[in-house]
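What follows is a single structure, written as structure tokens, with notes after it.
Bear in mind that the values in this text are calculations on the coordinates, not laboratory data. Just so it is clear, the model here is predicted, and its values are computed rather than measured. Here the Cβ positions follow ideal geometry from the backbone for every residue, glycine too, while neighbour counts run over all protein chains shown.
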Amino acid sequence: MNKLTNIGLQKEDSRQMADRLNELLANYHLYYQNLRGFHWNIKGVNFFQLHAKFEELYNKALTQIDTIAERILTVGQQPLHTFSEYTRVATIKEAANLSNDKETVEATHQNLTVILNLEREILSLASETGDEGTIALLSEDINEIEKTLWMLKAFLS
């Protein structure tokens, strides 16, 4: 029996990777939906700045969601695709009824910290299993998230 996927990775490693990537996918979906709510509901003196920033962030998140789902398919597994699965798997929770600048930016910072920590864990697993495609996907995103976290922290200072 062949133990390699069609891209040359160990099937068991790819299954484990897909499980972790599905966890990341679920968290990204909750992060995305939180950003949509912040974008729609933000109020106050920073409305214009944050309304635009949340839109920028949710557009980036949507692109990353698609990239993660496609990577799961590439390693030979199926991405989660229902909100019930996302809310069951994600550690990020829905952020309901937040509308002021400090609360929404703090929640965004917390959500991104969860994603960053998860991506670092998955990056380590990808490195151990020689999954260069996942390494490349995560390395680029980690760099973007770190920069965004710095900016959000600067806003909160």
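With a 10 Å Cβ neighbour count serving as the proxy for reagent exposure, in which order, fewest first, do 48, 155 appear? Walk me through the numbers on the way to the answer.
Working: 48 9, 155 17.
Ordered by Cβ neighbours within 10 Å, fewest first: 48, 155.
Which is farthest toward the positive dipole end of region 11-156 among 52, 137, 82, measuring Cα position about the Cα centre, with Cβ charges +1 (Lys, Arg) and -1 (Asp, Glu)?
Result: 52.
Given +1 on the Cβ of Lys and Arg, -1 on the Cβ of Asp and Glu, and no further charges, what dipole in debye does the chain carry about its Cα centre, rounded to the nearest 20?
On the way: 15 positive and 22 negative charges, 69 e Å.
That gives the chain a dipole magnitude of about 340 debye.
For region 1-41, restrict the atom set to alpha-carbon positions and state the Rg and Dmax in Å.
Reported Rg and Dmax, both Å: 16.3, 55.
List the residues whose amide H sits under 5 Å from the amide H of residue 10, counting only those 5 or more places along or on another chain, with H placed 1.01 Å from N in the peptide plane.
5
Could you tell me the center-to-center distance, by alpha carbons, between region 99-157 and region 1-69 in angstrom?
10 Å
Divide, for the chain, the radius of gyration over alpha carbons by 2.2 N^0.38 Å, where N is the residue count.
Output field value: 1.11.
Rounded to the nearest 500, what is the 222 nm mean residue ellipticity of the chain from helices alone, with -39500 (n - 2.57) per DSSP H run of 4+ residues and division by all residues? Numbers along the way, then the final one.
Working: 5 runs with 120 residues, N = 157.
-27000 deg cm²/dmol, from helical runs alone.
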